[in-house]
Amino acid sequence: EDKVVQSPLSLVVHEGDTVTLNCSYEVTNFRSLLWYKQEKKAPTFLFMLTSSGIEKKSGRLSSILDKKELFSILNITATQTGDSAIYLCATFSTNAGKSTFGDGTTLTVKP
Amino acid sequence: GAGVSQSPRYKVAKRGQDVALRCDPISGHVSLFWYQQALGQGPEFLTYFQNEAQLDKSGLPSDRFFAERPEGSVSTLKIQRTQQEDSAVYLCASSLAYGGRLHFGNGTRLTVT
């Protein structure tokens, strides 16, 4: 059975800190890994990763995938209170159909 | 519409009632997913459509759950004889192609009393 494990489950930091969120996976026939940010309602897309070692970057956020060790990290530098959210990691296999989400990391950024 | 639309936003059902949850995906999106999200957990896969074909329903928890997408656009998730453990947020997501970026609706929060 496909499995996605995120760590830590929750994290409290102060504004300006840098955080690293982890996502490890066991997926049969891996195709892609995606990161989402979930505030009160719908998850919103952050990154899609398909190749190892290529960093994706958007402002203060960046992410990278390691297909050999089966994990991805999401980095947020100079955190702001608006970064407070649940960060979700999800994988797709090449067998069209099932996608698997982790339970998320709840990030709280204090002023 | 501009995004994925789900209705109703909230639904309260008495145990044993049937409910129907609607999802209107982004126009032209081939792939459509339903997820169930319990409090404090990540979304759990329920089922996947490619156009009108239901390619994977392995996540549906019981035969009380049924989903359809008859014309390859709007989808309905039906839950028969609701139970308390069905209480959750039901999220619908669509994408242009399988494995790509998902666009989520705001979900339907179902409470079974």
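The values are calculated or read from the model by the stated rules, or taken from the named source; none is laboratory data. It should be emphasised that the depicted structure is a prediction, and the values quoted were computed from it without experimental measurement. Here the Cβ positions follow ideal geometry from the backbone for every residue, glycine too, while neighbour counts run over all protein chains shown. The accessibility values were calculated without ligands, DNA or RNA, using every heavy atom of the protein model including side chains. Shrake-Rupley method; radii C 1.70, N 1.55, O 1.52, S 1.80 Å.
Calculate the radius of gyration of the Cα atoms of the range A:3-104 to one decimal place, then report Dmax, the largest Cα-Cα distance, as a whole number, both in Å.
13.2, 42
Where does each of B:LYS14, A:LYS98, A:LYS110 land when they are ordered by accessible area, with a 1.4 Å probe and the largest first? Please list the in-between numbers first.
Details: B:LYS14 140, A:LYS98 70, A:LYS110 100 Å².
Sorted descending by solvent-accessible area, the residues read B:LYS14, A:LYS110, A:LYS98.
Please calculate the 1.4 Å probe accessible area of B:PHE66, with all protein chains present, and give it to the nearest 10 Å².
The value for B:PHE66 is about 100 Å².
Return P(r) of the protein assembly as shown (all Cα-Cα pairs; 5 Å bins starting at 0; whole %; ordered from short to long distances).
Result returned by the calculation: 1, 7, 15, 19, 18, 16, 12, 7, 3, 1, 0.
Heavy atoms only, 1.4 Å probe, whole protein assembly: order B:ILE79, A:ILE64, B:ILE26, A:ILE54 by accessible area, highest first. Each step should come with its number before you reach the end.
Numbers: B:ILE79 0, A:ILE64 55, B:ILE26 30, A:ILE54 95 Å².
Largest to smallest exposure gives the sequence A:ILE54, A:ILE64, B:ILE26, B:ILE79.
Quick one: net charge of B:ASN106's neighbours, Cβ under 14 Å, K/R +1, D/E -1?
Within the 14 Å Cβ shell, the charges total +4.
What average count of beta carbons from other chains do you get within 10 Å of the Cβ of residues in B:33-40?
2
Beyond a 22 Å Cα-Cα separation, which of these cross-linked pairs lie in this structure: A:LYS40/B:LYS14; A:LYS40/B:LYS11; A:LYS41/B:LYS11; A:LYS57/A:LYS110?
Working: A:LYS40/B:LYS14 26 Å; A:LYS40/B:LYS11 18 Å; A:LYS41/B:LYS11 16 Å; A:LYS57/A:LYS110 24 Å.
From the list (A:LYS40/B:LYS14; A:LYS40/B:LYS11; A:LYS41/B:LYS11; A:LYS57/A:LYS110), the Cα-Cα distance tops 22 Å for A:LYS40/B:LYS14; A:LYS57/A:LYS110.
Expressed as a whole number of Å, what is the distance separating the alpha-carbon centroids of the range A:72-109 and the range A:7-25?
When both Cα centres are located, 10 Å separates them.
Which stretch or stretches of the range A:9-35 have amide N atoms under 15 Å from the point lying 7 Å from A:LYS68's Cα along the Cα→Cβ direction?
none
With N residues in chain B, what two-decimal value do you get for its Cα radius of gyration over 2.2 N^0.38 Å?
Details: Rg = 13.1 Å, N = 113, 2.2 N^0.38 = 13.3 Å.
Compactness ratio reported: 0.98.
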